[in-house]
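The values are calculated or read from the model by the stated rules, or taken from the named source; none is laboratory data. Note that the structure is a prediction, hence the values are computed from the model and not measured. For neighbour counting, all protein chains shown are included, and Cβ atoms are generated from backbone atoms with ideal geometry for every residue, glycine included. Note: accessible area is taken over every heavy atom of the protein model, side chains too, but ligands, DNA and RNA are not part of it. Shrake-Rupley method; radii C 1.70, N 1.55, O 1.52, S 1.80 Å.
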Amino acid sequence: MIGIIRSLGRWGLSTFERLGRGHLFLVQILAGIPGLFLRFSLVIQQLFSVGVLSVLIIAVSGLFVGMVLSLQGYYVLVDFGAEESLGVMVSLSLVRELGPVVSALLFAGRAGSALTAEVGLMKSTEQLSGMEMMAVDPMRRVIAPRFLAGFISMPLLAAMFSAVGIIGAFLVGHGLLGVDDGAFWSQMQAKTDWYDDILNGVIKSIVFGFVVTWIALYEGYDALPTSEGVGRATTRTVVHSAFAILGLDFVLTALMFGEG
Amino acid sequence: MLQKKSTEITVGMFVAAGIAALFMLAMKVSNLSDFSDEVGYQVIAEFENIGGLKVRSPVTMAGVRVGRVSGISLDSVNYNARVTLSLYSTFDNLPTDTSASIYTAGLLGEQYISLEAGAEEEFLQNGDVVELTQSALVLEQVIGQFLFSKAEGDEE
Amino acid sequence: MPLIKIRDLHFSRGDRVIFEGVNIDIHRGKITAIMGPSGTGKTTLLRLIGGQLHPDKGTIEVDGQNVHQLSHSGLYALRKRMGMLFQSGALLTDLTVFENVAFPLREHTDLPESMIRDLVLMKLQAVGLRCARDLMPNELSGGMARRVALARAVTLDPMMIMYDEPFTGQDPISMGTLVNLIHRMNDAMGLTSIVVSHDVDEATEIADYVYLLSGGKVVSEGSPVDLKRSSSQWVKQFMQGLPDGPVPFHYPGVDFKEDMLNPEVSP
Ligand SMILES: Nc1ncnc2c1ncn2[C@@H]1O[C@H](COP(=O)(O)OP(=O)(O)OP(=O)(O)O)[C@@H](O)[C@H]1O
Ligand SMILES: [Mg+2]
């Protein structure tokens, strides 16, 4: 019994310690960001590996999610004779929820895990301490550019996801199921609001990008410098990011759409 | 160097594509494109009951959209609902005796305001009040009245 | 005044005590060798000097500044004047050999590209790898990687260089070249060098002064000639590589016989 309580206490303490270090880490990252505007090429390099390389998976998934939504939505709506609302249904679900959430989950799997593995390996091969001894601060040179790149990429990727998804939904809805294209677009435009729906979705994706990149970099930087340690850190990145995305999504949704 | 250049180009395309996607969401998917109506003019209409009318509900005339609801408040004197209608400036020739009614789009659809032109020579100006209004039909009331009159008819 | 002054240094990792009361002076313009059995903490000592680890007690002064009381920027300014050759090389794996050597220049200077090229090729020529400049670190052998790291450690022309095992993994020819190189750099550029090594012959050949570390303490110090003539059992054993003597070969712990006979003893 005492043993259980003790291990619970140990778990609690180590969790709080990790949380504390994670926040210190974030402060250090943010302190490194202003200097990056003088050396933006570092960020561009990272935008390539974090952002550009994620475009394919985001676009393909977005297309299919949109097409499936269209198909499923049509069969529900047609029973009420409301298949004209297909456009609204698809656009609202994509823009408010699926776009930010699914693209953030994909981003965590594609870019987040790669960031963790990269930073973890740099640590375990002493590249980070090597930089320190060359008087190059790895927080500024390695971590901060990656953070900024993740933060910039995520909302762009989420917007691409939603846009491609809506196009996919239109192709299926109009081309396959024969929904009138005028009704599809005009209903969508009438009911989708720029501030309430689209901008709130963008804010969500900005928050997710911030959190996922933070988790990924911290896990890499904090990983045990062994192959197993890096492997575990990569897994943790994906799991913790998924929890954080879904939990935050609930909170943000309640805040944004609560009084609607 | 060459590699660096191609990286920069692809990153540029990536950012452009992202912004294009946002732009498409703004213009094609959402109603941002008709936010120009902010430059229109506003009139006020009082209703006894507005039912499920909301801010940003459409205002139409003969089925054509002419504006939207921009504000709803309660008149503290006569306990009526005061609804502010923002009308597009292109429709600036509505007669002062125009009437406003709240209808429902379809059986379960959302509610909107429909305007019907009167015959006066003068036109509504910014801040004017629409005098003739017809409240929303509240389904429960309609059913209640129907049952009531039916019961009365049976007694006779 | 010595360039580096270490006084009463105590350091431990968890329960394991690495240093207890070490005093070392490193003199300017000299090559000082630090030798000792594997696992005594030579690499740890270099990291303490570089400010990457913090001592539990005691001070380390480099050029009159207490390393562990410097601000972040003060420490980084000091590190610009220190070169360090890591035991593993610690090359940046996503950059070519050329870019690795150019890295400190690109980070800390605004030199034009042509000047960077000249400087880098000069350093690479010195370690015999000028024509390997387009290889990636994973295409190098261990010894080559160490030489690239050496070239990188000296690109900023620091006031001192710490070499962690520069000779391991080198064939006799490059070993000779490296010994020569370290010597030449020291004389020509007035560098101060700290060489950590197991290679008794090479280390004593280039060093002006030698510290022998063991069991968390400085066991012996002196010029190579003094040490060779030393009467201490310990020094004799280490300098001549004898298997029997006071230096333990094993990581400390329970006795071998006891360990074999008693399966309950936790590992
Ligand atoms: N990260 C670490 N965590 C815990 N203990 C460590 C760590 N790094 C090193 N040690 C311990 O510190 C001691 C000194 O290590 P160090 O690397 O300084 O030895 P060394 O003298 O350089 O050995 P070698 O000559 O083999 O390179 C070792 O006994 C090792 O077990
Ligand atoms: Mg070592």
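Can you pull out the residues in region B:64-77 that are loosely packed, with under 15 Cβ neighbours inside 10 Å and touching a residue at least 12 places away in the same chain (Cβ under 8 Å)?
B:GLY71, B:ASP75
Please enumerate the residues belonging to region A:119-153 that are open to solvent by less than 10 Å² (accessible area, probe 1.4 Å) and among the aromatic types (Phe, Trp, Tyr).
A:PHE147, the sole residue that qualifies.
Condition check: within 11 Å of another protein chain (Cβ to nearest Cβ) and touching a residue at least 12 places away in the same chain (Cβ under 8 Å). Does A:LEU26 satisfy that?
Values: within 11 Å of another protein chain (Cβ to nearest Cβ): no; touching a residue at least 12 places away in the same chain (Cβ under 8 Å): yes.
No, not satisfied.
Being without any contact (Cβ under 8 Å) to a residue 24 or more places away in the chain, open to solvent by 40 Å² or more (accessible area, probe 1.4 Å) and more than 16 Å from ligand 2 (Cβ to nearest atom), is that true of even one residue in region C:15-23?
Yes, the conditions are met somewhere in region C:15-23.
Out of region A:156-181, which residues are more than 12 Å from every other protein chain (Cβ to nearest Cβ) and over 17 Å from A:VAL78 (Cα atoms)?
A:GLY168, A:LEU171
Hey, among the residues in region C:42-61 that are in contact with a helix residue (DSSP H, G or I) (Cβ under 6 Å, 6 or more places away or on another chain) and of a type in the set (A, V, I, L, M, F, W, C), which one's farthest from ligand 2 (Cβ to nearest atom)?
C:ILE60
What are the residues in region A:182-201 that are open to solvent by 50 Å² or more (accessible area, probe 1.4 Å) and more than 7 Å from chain B (Cβ to nearest Cβ), if any?
Across region A:182-201, the qualifying residues are A:SER186, A:GLN187, A:LYS191, A:TYR195, A:ASP196, A:LEU199.
From (1) within 16 Å of ligand 2 (Cβ to nearest atom); (2) within 21 Å of C:ALA207 (Cα to Cα); (3) not hydroxyl-bearing (Ser, Thr, Tyr), pick out the condition that doesn't hold for C:ILE26.
Condition (1) is where C:ILE26 drops out.
If a residue must be farther than 26 Å from A:LEU128 by Cα, touching a His at 6+ places or on another chain (Cβ under 9 Å), of a type in the set (Gly, Ala, Ser) and more than 10 Å from ligand 1 (Cβ to nearest atom), how many such residues does region C:1-57 contain?
Qualifying residue count for the region: 1.
Could you give me the residue pairs with C-beta distances under 8 Å whose first residue belongs to region A:139-152 and is within 14 Å of chain C (Cβ to nearest Cβ), whose second residue is among the acidic types (Asp, Glu) wherever it lies, and which are 6+ apart or on separate chains?
Correct list of pairs: A:ARG141/C:GLU107.
Of all residues being part of a helix (DSSP H, G or I) and among the small types (Gly, Ala, Ser) in region C:169-180, which is farthest from ligand 1 (Cβ to nearest atom)? Just the residue, please.
Looking only at region C:169-180, we keep the residues that are part of a helix (DSSP H, G or I), and these are C:172-180.
Then drop every residue that is not among the small types (Gly, Ala, Ser), which leaves C:174, C:176.
Values: C:SER174: 20, C:GLY176: 22 Å.
Going through the qualifying residues, I end up with C:GLY176.
Quick grid of which residues meet (1) within 14 Å of chain A (Cβ to nearest Cβ); (2) within 16 Å of ligand 2 (Cβ to nearest atom); (3) surrounded by 15 or more Cβ atoms within 10 Å (Cβ to Cβ):
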| site | (1), (2), (3) |
| --- | --- |
| C:GLY176 | no, no, no |
| C:ASP187 | no, no, no |
| C:SER193 | no, no, yes |
| C:GLU205 | no, no, no |
| C:VAL210 | no, no, yes |
| C:GLY216 | no, yes, yes |
| C:GLU221 | no, no, yes |
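Collect the residues in region C:146-168 that are within 16 Å of ligand 1 (Cβ to nearest atom) and assigned to a helix (DSSP H, G or I), keeping them in residue-number order.
The first filter runs over region C:146-168 and keeps only residues within 16 Å of ligand 1 (Cβ to nearest atom), leaving C:146, C:149, C:162-168.
Selection gives C:ARG146, C:ALA149.
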